[in-house]
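Structure first, then comments.
Coordinate-derived values only; no laboratory data. All of these numbers come straight from a predicted model, not from anything done at the bench. Note: ideal-geometry Cβ built from the backbone for every residue, glycine included; neighbour counts use all protein chains shown.
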Amino acid sequence: MSHSRLPEPFISRMHAILQQEWYESVIRTFSHEKVAAFRLNRMNGGSSESLSHLEHEGIDPEPVEGFDDVWTVETAQRDSLLRSKEFEEAKIYVQNVSSMIPPLVLDPQKEDYVLDLAAAPGSKTIQLADIVGQTGQILAVEKIRKRFYKLQDNLARNGAGFVKTHMGDGERVWKRNMEAFDCVLLDAPCSTEGRFLESDPETYHYWSMRKVKEMVRKQSRLLFSAVQCLKPGGTLVYSTCTFAPEENEGVVDRILQQFGANLSIEEIEMPESAQWMNGLTSWKHKEFDRHVERARRILPDHIYEGFFICKFKKTGSTIG
């Protein structure tokens, strides 16, 4: 099988990351667009009626096993979905299924104070707002001005205007919010390998090991900030949409080296419809903390993008 369009070093690395049983099926997914997935947005009145309205417009949603209120339509119906009245009225939110999992793993409660540390464009923030409602509080942080305004617009359009927003550097947020939050979500900027599509060079032309290393530096600083923002006893979810172990297990291992006595990695229950691997315990002659195995690498198929998720519990204070 030829994979000439994707960078050869990337393909070689995938061979090393994936168990042999998964390699060919995962590589094939880079040749095909995913189905369009959406969830009902109850803040804007999304309900079972929304599904009936979509069907009336000739759109055929299929439920995703293991989720409430999550549906897919075939790729050919994506444009119709985006032109539908339900989409225009923001009663549905179009988002890849993998991207919906980190907020569910975080599992904030109704009274919690929640931090979304790298929030734009706001997909997971809106999902968190739908879960927590207005009985809790959410702070969404974004550094880049253009993306910050897009985040604010997205929140307002989707009924989540009550979310507090802050334009600033997530790496420094902890200095004014030491151990302030019950839950922290860090869906970190990454090399986005999980979104590569062979037919669209825009999705991978920027990729290089230099890019991976640049992301690692940023992710490590953001994760440090996330830990410092979290109350003892609180929950932190770290996620990326990339395969690179340096950006995933490597970053997780590094934060355990810094705060290990006060952090534990929790088991994650994955949806029945997802294919996944445990976190790697070694990479390129480097051994990781054995608990990194509890992280999850979602393997892409026609529904799911490639994703990495790790759930931490903060067992003691890291300040001082």
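Neighbour counts of other Cβ atoms within 10 Å put T281, T235 in the fewest-to-most order T281, T235.
Extending 7 Å from the Cα toward the beta-carbon at both E57 and T75 defines two label points whose distance is 2.2 nm. Per residue, the average separation of C-alpha pairs within less than 8 Å and at least 6 apart gives the chain a relative contact order of 18 percent. Placing unit charges on each Cβ (+1 for Lys and Arg, -1 for Asp and Glu) gives the stretch 191-261 a dipole about its Cα centre, and among P245, Q219, T192 the Cα reaching farthest toward its positive end belongs to Q219. Charges were assigned to the Cβ only: +1 to each Lys and Arg, -1 to each Asp and Glu. The resulting dipole of the stretch 15-104 about its Cα centre is roughly 300 debye.
Direction-averaged projected area, Cα convex hull, the stretch 2-61: 7.1 nm², rounded to one decimal.
On the beta carbon distance between Y23 and E214, with R0 = 35 Å, the FRET formula returns roughly 0.85. What the phi angles of the stretch 185-195 give under the Karplus curve with 6.51, -1.76 and 1.60, with θ = phi - 60°, is a coupling list of 10, 10, 8, 7, x, 8, 7, 6, 5, x, 10 Hz, glycine and proline written as x. Projecting label points 7 angstrom from Cα along Cα→Cβ for M270 and F162 puts them 3.5 nm apart. Size descriptors for the stretch 35-95 (Cα atoms only): Rg and Dmax, in that order, 10.1, 28 Å. Short to long, the 5 Å bins of the Cα pair-distance histogram for the stretch 153-305 hold 2, 8, 15, 19, 19, 17, 13, 6, 1, 0 percent of all pairs. For the stretch 146-210, the direction-averaged projected area of the alpha-carbon convex hull comes to 7.1 nm². Taking packing as the residue-averaged number of other Cβ atoms within 10 angstrom, the listed peptides 24-36, 214-226 run from highest to lowest as 214-226, 24-36.
Taking the Cα centre of the chain as the origin, how large is its charge dipole in debye, to the nearest 20, when only Lys and Arg (+1) and Asp and Glu (-1) carry charge on their Cβ atoms?
Taking the Cα centre of the chain as origin, the dipole is about 1680 debye.
Kirkwood's formula applied to the C-alpha pairs of the stretch 178-227 gives a hydrodynamic radius of 12.7 angstrom. When the chain is described by a simple charge dipole with +1 on each Lys and Arg Cβ and -1 on each Asp and Glu Cβ, the residue from G122, V132, T315 located farthest towards its positive end is T315. Of the two radii for the chain, the radius of gyration is 0.95 times the Kirkwood radius, both from the alpha carbons; that is the Rg over Rh value. Of all DSSP bridge pairs formed entirely within the chain, close to 60 percent run antiparallel. Each of H15 and E65 was given a label point 7 Å from its Cα along the Cα-to-Cβ line. The distance between the two points is 3.2 nm.
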